[in-house]
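**Q** For reference, the structure I am asking about is given below.
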Amino acid sequence: MRSLKLLLAAIAGLVAAGFITYYYFTRDLPALVTLEDYHPNLVTNVYSEDGRIIGEFYIERRVVVPLNKVPQHLITAFLAAEDTKFFEHEGISYTSILRAMFKNMMAGKVVQGGSTITQQLAKSFLTSERKLSRKVREAILAYRIEKHLTKDEILTLYLNQIYFGNGAYGVQTAAESYFGKDVNELDLAEAALLAGLPKAPSKYSPYSNFELAKKRQEFVLSRMVEEQFITKEDAARALGKKIKLRPRKADSLGIAPYFTENVRIYLEEKYGEELLYKGGLEVYTTVDVEMQKAANIAVREGLRDYDKRHGYRGPVTTLKTKDEIDTFRDEADKRLQYEPLKEGEIYKGVITAVNPKNLALIIDIGNRHGIISAPDLEWAKLYNPTKDPDGGKEADIAKIFHSGDVVEVMVKDVPSSPSILIPLKLEQEPAAQASLLAMEPETGAIRAMIGGADFSKSQFNRAVQSLRQPGSSFKPIIYTAAMDKNYTPASIVIDSPLVFDEAAKDKEKEEQWRPRNYDEQFNGPTTIREAVARSRNIITIKVLQDIGIDHAISYARLLGINSPLARDLSLALGSSAVTLQEMTTAFSTLANLGERPEPLYITRVTDRSGKVLEENTPFSTSVISPQTAYIMTSLLQSVIERGTGLRARALGRPAAGKTGTTNNLNDAWFIGYVPGLTAGAWLGYDEERQLGRGETGGHAALPIWLKFMQGATAGMPVRSFPVPEGVEFAKIDPETGLLATTSTQDPVFEVFKAGTAPVESSAGTNKSRSDFFMVDTDSKPKTRKPELSEPVD
């Protein structure tokens, strides 16, 4: 009896131990319902306004495909390489384990694994720790999977789950990453190469170890022959076929990195990391791919043109030995195998010869040889290694370039024959930064965005995050406020010296602020139109003084400026830092006849099942009258027609805009618009140092705006700005701002709000020009000296 009790206790103990052990190994295994309702980590795709992909966010880059889209020879390649008894075993194949052990012993190393496809699938859902406990859990999960899923379902999961290297998860993404095609387009040679990758993706990657990848492909093909999936002749043909590696990449993917990063920040804040990086969201945005391309070109060319005006700073690096040069060439050559040289692209090359007689450089890019001729080196004669914007000196090109110097070059043309020298242009990476933002004024849709010179080196978005002084580009906001306080384009203000007293640090003394115009001249009686066109600082200060600072600030808020603004007269000259997006929104409000658009980035977000999570439509707020907005547009057209924005006339269509340059030439701006599109451009240094002599908004930023607009409007019809009801036109004398007479020299048509045009004519009035001055020039109110002590434009 006692023995029976001991036996029963032992059995109970063993059963309990078994249950405890089973629970230990199975307590945190994935629920089978999760596998049956397979939801792997998917890519969140970001699309342009016309449905082209511009960005991807993911932890695992995967595109799920059904089994019927996978070619049979790819399936059999996997079966031959990984699990020939897949359709016979129940998750674990003991014969496969024994066979693998025997082959490994014979080879003296591991040449074949014993895990089944089901075990490999189970392994992908577990941690990667190398412990016996994990192998036990892997076997248990594999057995469970076999009991709950069909073989086809298991195979579908496996082919979509496994990692192939190069950031590719699943067979569809692998086909795209290695061969630039869909999985159903793979041939036998490509299928065998892919089937050999999951064993050791990094080791067998054809990008880094092509010969090893070919050996692995040969092994897979031989196994397919052994299992009679293909004939020896099929294997020989596949093995002999040349493998062409060419990853698929949409030309639109990655084209707007600053825009997609702005979208990513928003999505992560709203939906969280889990849904963003694993949930397979579909995000539809407002960016226009062709406009973004135009923006990329404009900013790149504008920055590099500015940079070249200030001289050559020296090589990227210098290679001192033949081995270093050979290594540099070899690495460049490997890259060129997958991405051949393209006209207009910039590469790093090494100087192998300097010809002082012809002033030419021989450059190697990989194993291709190129030449930079004298005209394409001309700008480098200004040698400026100190990076001083106003520094540099004329130098002998033959003395500043040396063999072994690594320099940036642009490919001018790609000859068909490798023996012909490639014509190149000398380039250098810009030290300055630039940003550009394009907005559709009617909807607020952001059509293009660039936040810096190179996203890969700085993700700081200078279009929306950077606060910089806008300089004279802020003046239209002052004049907009003035137009609603009894000013007209024909109002006369005296352009004459101003002096403001302020308390100095030494309280017994006083200091004076004497604002001045960029040309340091005073033009006397001047119409508001002329003051805007010529960007006269003194007149803007007088107008602000007259209408009141608080009134001007209230209009800035109406137009979309939310950043802190200085409550002193320096506001007239753009002394308060704002963002490019704020300025572009303000000008868009003028373009949209007084309706302030809300910047719009995302139109719709859906989840992996197609459920709409978010939908956004354009929204605007009426903030100023259409008449005021149109008058400002008319004034800003004068800036381009005959003022500081004269270069923009090259656009060849009606346009309005304003230049902006800040104290000591630290920032250059141009904000402008045509019917249907507003854009702002900024150029400067992050550390806020001088851009150099003459680098005003019209010289440094306007060319970027112009280049962008030329590309962005290439397919747009030429339109005039719409004229709202409630305005009138009158022919006036620009000298007096009064109605013109038959004797008036060079009269002009001017626009007014209905009922505000002058009723007196120049002839017959006894008033002098000074009588039309609307601000007391002799008053010297005490004011804080503005930070902007030397406003320029």
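The values are calculated or read from the model by the stated rules, or taken from the named source; none is laboratory data. Just so it is clear, the structure is predicted and the values come from calculations on it, not from any experiment. Heads up, the Cβs are rebuilt from the backbone with ideal geometry, glycines too, and the neighbour counts pull from every protein chain shown. Quick note on the areas: whole protein, heavy atoms, side chains included, nothing else; ligands and nucleic acids left out. Shrake-Rupley method; radii C 1.70, N 1.55, O 1.52, S 1.80 Å.
**Q** Under 6 Å by Cβ, and 6 or more places apart or on different chains, what pairs join a residue from the stretch 163-179 that is more than 8 Å from Pro247 (Cβ to Cβ) with one that is in a loop (DSSP other than H, G, I, E, B) and open to solvent by less than 10 Å² (accessible area, probe 1.4 Å)?
**A** Hits for this filter: Phe164/Leu197; Gly165/Leu197; Ala174/Phe164; Ala175/Leu186.
**Q** Next up: Quick test of your reading of the structure: Gly113 fulfils all but one of (1) modelled with pLDDT under 85; (2) open to solvent by less than 20 Å² (accessible area, probe 1.4 Å). Name the failing condition by number.
**A** For Gly113, the exception is condition (2).
**Q** Let me ask something else about it. Of all residues in the stretch 384-413, which are modelled with pLDDT under 85, within 20 Å of Thr317 (Cβ to Cβ) and in contact with a helix residue (DSSP H, G or I) (Cβ under 7 Å, 6 or more places away or on another chain)?
**A** Going residue by residue through the stretch 384-413, those that are modelled with pLDDT under 85 are 384-398.
From what's left, within 20 Å of Thr317 (Cβ to Cβ): 384-387, 395, 397.
Answer for the stretch 384-413, where residues must be modelled with pLDDT under 85, within 20 Å of Thr317 (Cβ to Cβ) and in contact with a helix residue (DSSP H, G or I) (Cβ under 7 Å, 6 or more places away or on another chain): Ala395, Ile397.
**Q** If you check every pair at least six apart or on different chains, which have Cβ atoms under 9 Å apart with a residue in the stretch 252-269 that is at positive phi first and a residue that is in a helix (DSSP H, G or I) second?
**A** Close Cβ pairs (under 9 Å, with a partner that is in a helix (DSSP H, G or I)) amount to Gly254/Thr260.
**Q** Leu590: among the aliphatic types (A, V, I, L, M), at negative phi and under 37 Å from the mean Cα position of the chain (by Cα), yes or no?
**A** Values: among the aliphatic types (A, V, I, L, M): yes; at negative phi: yes; under 37 Å from the mean Cα position of the chain (by Cα): yes.
Criteria met by Leu590.
**Q** Open to solvent by less than 60 Å² (accessible area, probe 1.4 Å), out of contact with any Asp or Glu (no Cβ under 7 Å at 6 or more places or on another chain) and farther than 30 Å from Gly180 by Cα: is that true of Ile371 in this structure? Outline the logic, then answer.
**A** On the way: open to solvent by less than 60 Å² (accessible area, probe 1.4 Å): yes; out of contact with any Asp or Glu (no Cβ under 7 Å at 6 or more places or on another chain): yes; farther than 30 Å from Gly180 by Cα: yes.
When the stated conditions are applied, Ile371 passes them.
**Q** Can you tell me which residues in the stretch 676-708 are part of a helix (DSSP H, G or I) and either open to solvent by 40 Å² or more (accessible area, probe 1.4 Å) or more than 24 Å from Ala586 (Cα to Cα) (or both)? So that I can check it myself, show each step before the final result.
**A** Our first condition is that a residue be part of a helix (DSSP H, G or I); within the stretch 676-708, this holds for 697-708.
Those that are part of a helix (DSSP H, G or I) and either open to solvent by 40 Å² or more (accessible area, probe 1.4 Å) or more than 24 Å from Ala586 (Cα to Cα) (or both): His699, Pro703, Lys707.
**Q** What residue, of Arg604, Arg642, Arg649, is under 21 Å from Ala531 (Cβ atoms) and touching a residue at least 60 places away in the same chain (Cβ under 8 Å)? Step through it out loud before you land on a result.
**A** Details: Arg604 fails: under 21 Å from Ala531 (Cβ atoms); Arg649 fails: touching a residue at least 60 places away in the same chain (Cβ under 8 Å).
Arg642 is the lone residue from the list that is under 21 Å from Ala531 (Cβ atoms) and touching a residue at least 60 places away in the same chain (Cβ under 8 Å).
**Q** Right, another one. Within the stretch 231-270, can you find the residues that are surrounded by 20 or more Cβ atoms within 10 Å (Cβ to Cβ) and of a type in the set (A, V, I, L, M)?
**A** Residues satisfying the conditions are Ala235, Ala238, Ile255, Ala256, Val263, Leu267.
**Q** Might you let me know whether the stretch 598-605 holds any residue that is in a strand (DSSP E or B), farther than 23 Å from Gly451 by Cα and either in contact with a Cys (Cβ under 9 Å, 6 or more places away or on another chain) or of a type in the set (Val, Ile, Thr) (or both)? First the steps, then the outcome.
**A** Let us first name the residues in the stretch 598-605 that are in a strand (DSSP E or B), namely 600, 602-605.
In the following step, the residues that additionally are farther than 23 Å from Gly451 by Cα were identified as 604-605.
Next cut, either in contact with a Cys (Cβ under 9 Å, 6 or more places away or on another chain) or of a type in the set (Val, Ile, Thr) (or both) only: 605.
Yes, the stretch 598-605 contains a residue that is in a strand (DSSP E or B), farther than 23 Å from Gly451 by Cα and either in contact with a Cys (Cβ under 9 Å, 6 or more places away or on another chain) or of a type in the set (Val, Ile, Thr) (or both).
**Q** Continuing with the same structure: Report yes if some residue within the stretch 219-230 is more than 30 Å from Met291 (Cα to Cα), of a type in the set (Gly, Ala, Ser) and part of a helix (DSSP H, G or I); otherwise report no.
**A** Within the stretch 219-230, one or more residues are more than 30 Å from Met291 (Cα to Cα), of a type in the set (Gly, Ala, Ser) and part of a helix (DSSP H, G or I).
**Q** Given the conditions (1) modelled with pLDDT of 60 or more; (2) open to solvent by 60 Å² or more (accessible area, probe 1.4 Å); (3) under 30 Å from Glu614 (Cβ atoms), which single one is not true for Arg61?
**A** (2)
**Q** On to the next question. Within the stretch 415-452, which residues are assigned to a strand (DSSP E or B), open to solvent by less than 10 Å² (accessible area, probe 1.4 Å) and more than 17 Å from Arg304 (Cα to Cα)?
**A** If the condition is that a residue be assigned to a strand (DSSP E or B), open to solvent by less than 10 Å² (accessible area, probe 1.4 Å) and more than 17 Å from Arg304 (Cα to Cα), then Ile422, Leu437, Ala438, Met439, Ala445, Ile446, Ala448, Met449 are the ones that fit.
**Q** Checking Gln690 against (1) under 30 Å from Pro430 (Cα atoms); (2) touching a strand residue (DSSP E or B) at 6+ places or on another chain (Cβ under 7 Å); (3) of a type in the set (S, T, N, Q), only one condition comes out false. Which one?
**A** Single failed check for Gln690: (2).
**Q** Scan the stretch 388-414 for residues that are in contact (Cβ under 8 Å) with a residue 12 or more places away in the chain and either among the basic types (Lys, Arg) or in a strand (DSSP E or B) (or both) and jot them down.
**A** Glu394, Asp405, Val406, Val407, Glu408, Val409, Met410, Val411, Lys412
**Q** So Val718 clears everything in (1) over 16 Å from Asn592 (Cβ atoms); (2) at pLDDT 95 or above; (3) surrounded by fewer than 22 Cβ atoms within 10 Å (Cβ to Cβ); (4) touching a Ser or Thr at 6+ places or on another chain (Cβ under 7 Å) except one condition, right? Which one?
**A** Failing condition for Val718: (4).
**Q** I need the full set of residues from the stretch 721-744 which are exposed (fewer than 13 other Cβ atoms within 10 Å of the Cβ) and under 30 Å from Ala448 (Cβ atoms), in order please.
**A** Pro722
**Q** Output yes when any residue across the stretch 310-323 is open to solvent by less than 50 Å² (accessible area, probe 1.4 Å) and of a type in the set (S, T, N, Q), and no when none is.
**A** Checked the stretch 310-323: no residue is open to solvent by less than 50 Å² (accessible area, probe 1.4 Å) and of a type in the set (S, T, N, Q).
**Q** Let me ask another. When the residues of the stretch 181-201 are narrowed to those that are open to solvent by 30 Å² or more (accessible area, probe 1.4 Å) and in a loop (DSSP other than H, G, I, E, B), which ends up modelled with the lowest pLDDT?
**A** Among those that are open to solvent by 30 Å² or more (accessible area, probe 1.4 Å) and in a loop (DSSP other than H, G, I, E, B), it is Lys199.
**Q** Residue by residue through the stretch 473-493, note down the ones that are small (Gly, Ala, Ser) and part of a loop (DSSP other than H, G, I, E, B).
**A** From the stretch 473-493, those small (Gly, Ala, Ser) are 473, 481-482, 490-491; that's our starting set.
If the condition is that a residue be small (Gly, Ala, Ser) and part of a loop (DSSP other than H, G, I, E, B), then Ala490, Ser491 are the ones that fit.
**Q** Looking for something open to solvent by less than 10 Å² (accessible area, probe 1.4 Å) and aliphatic (A, V, I, L, M) - is there at least one such residue anywhere in the stretch 646-653? Give the derivation first.
**A** If we filter the stretch 646-653 for residues that are open to solvent by less than 10 Å² (accessible area, probe 1.4 Å), which is where we start, we get 648.
Still in the running and aliphatic (A, V, I, L, M): 648.
The answer is yes; a qualifying residue exists.
**Q** Right, next: Restricting to the stretch 369-387, and then to whatever is under 31 Å from the mean Cα position of the chain (by Cα) and assigned to a strand (DSSP E or B), can you tell me which residue is farthest from Arg689 (Cα to Cα)?
**A** The qualifying residue farthest from Arg689 (Cα to Cα) is Gly370.
**Q** Checking the conditions here, which among Leu565, Leu590 is touching a strand residue (DSSP E or B) at 6+ places or on another chain (Cβ under 9 Å) and outside any loop (DSSP other than H, G, I, E, B)?
**A** Numbers: Leu565 fails: outside any loop (DSSP other than H, G, I, E, B).
Among Leu565, Leu590, only Leu590 is touching a strand residue (DSSP E or B) at 6+ places or on another chain (Cβ under 9 Å) and outside any loop (DSSP other than H, G, I, E, B).
**Q** Let me ask you something else. Let me spell it out: the conditions are (1) β-branched (Val, Ile, Thr); (2) outside any helix (DSSP H, G or I); (3) in contact with a Ser or Thr (Cβ under 7 Å, 6 or more places away or on another chain), and Thr617 meets all of them except one. Which number is the exception?
**A** Checking Thr617 against (1) β-branched (Val, Ile, Thr); (2) outside any helix (DSSP H, G or I); (3) in contact with a Ser or Thr (Cβ under 7 Å, 6 or more places away or on another chain), the one that fails is (3).
**Q** Right, something else. Of Asp495, Asp484, which residue is at pLDDT 95 or above, of a type outside the set (S, T, N, Q), in contact with a Pro (Cβ under 8 Å, 6 or more places away or on another chain) and closer than 30 Å to Ser761 by Cβ? Spell out the reasoning first.
**A** Values: Asp484 fails: in contact with a Pro (Cβ under 8 Å, 6 or more places away or on another chain).
Of the residues listed, the single one that is at pLDDT 95 or above, of a type outside the set (S, T, N, Q), in contact with a Pro (Cβ under 8 Å, 6 or more places away or on another chain) and closer than 30 Å to Ser761 by Cβ is Asp495.
**Q** Would the stretch 663-675 turn up any residue that is surrounded by 24 or more Cβ atoms within 10 Å (Cβ to Cβ) and either in a helix (DSSP H, G or I) or more than 26 Å from the chain's Cα centre (by Cα) (or both)?
**A** yes
**Q** Residue by residue through the stretch 616-634, note down the ones that are touching a Leu at 6+ places or on another chain (Cβ under 7 Å) and open to solvent by 20 Å² or more (accessible area, probe 1.4 Å). Don't jump to the end; show me each part of the working.
**A** Step one: filter the stretch 616-634 for residues touching a Leu at 6+ places or on another chain (Cβ under 7 Å), giving 616, 618, 623-624, 626, 629-630, 632-633.
Passing the criteria: Asn616, Pro618, Val623, Pro626, Tyr630.
**Q** Looking only at residues in the stretch 453-472 that are closer than 16 Å to Trp669 by Cβ and in a loop (DSSP other than H, G, I, E, B), which one is most open to solvent (accessible area, probe 1.4 Å)? Please lay out each step first, then the result.
**A** Of the stretch 453-472, the ones closer than 16 Å to Trp669 by Cβ are 462-464, 466-472.
Keeping just the survivors that are in a loop (DSSP other than H, G, I, E, B) gives 462-464, 466-467, 469-470.
Working: Arg462: 8, Ala463: 0, Val464: 37, Ser466: 13, Leu467: 89, Gln469: 45, Pro470: 0 Å².
Going through the qualifying residues, I end up with Leu467.
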